[in-house]
Amino acid sequence: MGNKLTISSIQKRKGIDPIVMITAYDALFANLFASEADILLVGDSLNMSFAGNSDTISATLEQMIYHTNAVCNGAPKSFVVCDMPFGTYLNKEEALKNAIKVFQQTPADCVKIEGGANKADIVKHLTDNGIAVCGHIGLLPQSVRSEGGYKVKGKTEQEKQQLLEDAKAIEAAGAFCMVIEGTKAEVATQIAKSVSIPVIGIGAGSGVDGQVLVFSDMLGFFEEFTPKFVKKYLDGASLVKDAVAQYAKEVKSRAFPKEEHTY
Ligand code: KIV
């Protein structure tokens, strides 16, 4: 990886060169991803993937700050996004106070906020005060409990119009890019065409300006289920289990450690 990307270099890629984003929660994996990923997202999905909870709701700002620092330590030249967790941006003042904490306590390049037109005033308040914001529209994981599950968006004309309005409101409020999650591909494509900032999709088809995946899904570490939009690039779970089984076998048979592992 050469020099760190900037907001303007990311924006120049829109419609030209798809942006590669992947989640990272620790220094080790961040370092492994850094050479290929344009952006590392310290997503609040870490509350599920890393901490084993059933949704993202209980992630705290302190946890996000801790993991963002770990990721930045492992990938000091990567552009890093820190997710603002549930309940930390309920109004403009709270949002700014908490985003300032992220900026003062980590080297994150921007924060990410879930929501559309209803969060535009918050996005504007942050960007007016020097905090770069990545929006997040479509399926919003932080709304999973109020919506009674993860529901694909853009299926009706009304949802489509709402999403277009959300995207334009977030752009007008000063977000430099946005994630669109769990949305019908044709709607996501239309949204990408209707705003001038990059739109990075997850479960939103190929007509957007980049893609993001949760690393534990795409590397096959998470075995419970694989959402339709995930492609597994590695069978991580099998590789790890096989290696640990081999280690256990060798410990029990005293085949490990050998002379070369011994002082
Ligand atoms: O928390 C996360 O990992 C995210 C992605 C699903 C975009 O927000």
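The values are calculated or read from the model by the stated rules, or taken from the named source; none is laboratory data. These numbers come from a predicted model, not from an experiment. Reconstructed Cβ throughout: ideal geometry from the backbone, glycine too, with neighbour counts over all protein chains shown.
Things worth noting here:
- Residue in the range 207-219 that is part of a strand (DSSP E or B), in contact with an Asp or Glu (Cβ under 8 Å, 6 or more places away or on another chain) and not polar (S, T, N, Q) present: yes
- Scanning the range 194-206 for residues that are in a loop (DSSP other than H, G, I, E, B) and surrounded by fewer than 17 Cβ atoms within 10 Å (Cβ to Cβ) yields Ser196, Ser206.
- The residue that is farthest from the chain's Cα centre (by Cα), counting only those in the range 229-263 that are farther than 21 Å from Glu36 by Cβ and either modelled with pLDDT under 95 or acidic (Asp, Glu) (or both), is Glu259.
- Apart from one condition, Asn47 fits all of (1) surrounded by 23 or more Cβ atoms within 10 Å (Cβ to Cβ); (2) touching a His at 6+ places or on another chain (Cβ under 7 Å); the exception is (2).
The rows are residues; the columns are (1) surrounded by 19 or more Cβ atoms within 10 Å (Cβ to Cβ); (2) on the phi < 0 side of the Ramachandran plot; (3) touching a Leu at 6+ places or on another chain (Cβ under 7 Å).
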position	(1), (2), (3)
Lys92	no, yes, no
Lys97	no, yes, no
Asp109	yes, yes, no
Ile122	yes, yes, no
His125	yes, yes, yes
Cys134	yes, yes, no
Gly138	yes, no, yes
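- Val71 vs. criteria touching a Gly at 6+ places or on another chain (Cβ under 9 Å), crowded, with 21+ Cβ neighbours inside 10 Å and assigned by TED's automatic domain parsing to the domain that holds Ser196: no
- Selection from the range 212-234 of residues that are within 20 Å of Leu163 (Cβ to Cβ), surrounded by fewer than 20 Cβ atoms within 10 Å (Cβ to Cβ) and not charged (D, E, K, R): Pro227, Phe229
- For the range 87-174, the helices (runs of 4 or more DSSP H) that sit wholly inside it and include 3 or more residues that are among the hydrophobic types (A, V, I, L, M, F, W, C) and modelled with pLDDT of 95 or more are 92-105, 120-128, 157-172.
- Within the set Gly87, Gly74, Gly52, the sole residue that is under 18 Å from His136 (Cβ atoms) and not β-branched (Val, Ile, Thr) turns out to be Gly87.
- Screening Thr88, Thr106, Thr56, Thr60 for residues that are in contact with a Phe, Trp or Tyr (Cβ under 7 Å, 6 or more places away or on another chain) and in the same structural domain as Val20 (by TED's automatic domain parsing) leaves exactly one candidate, Thr56.
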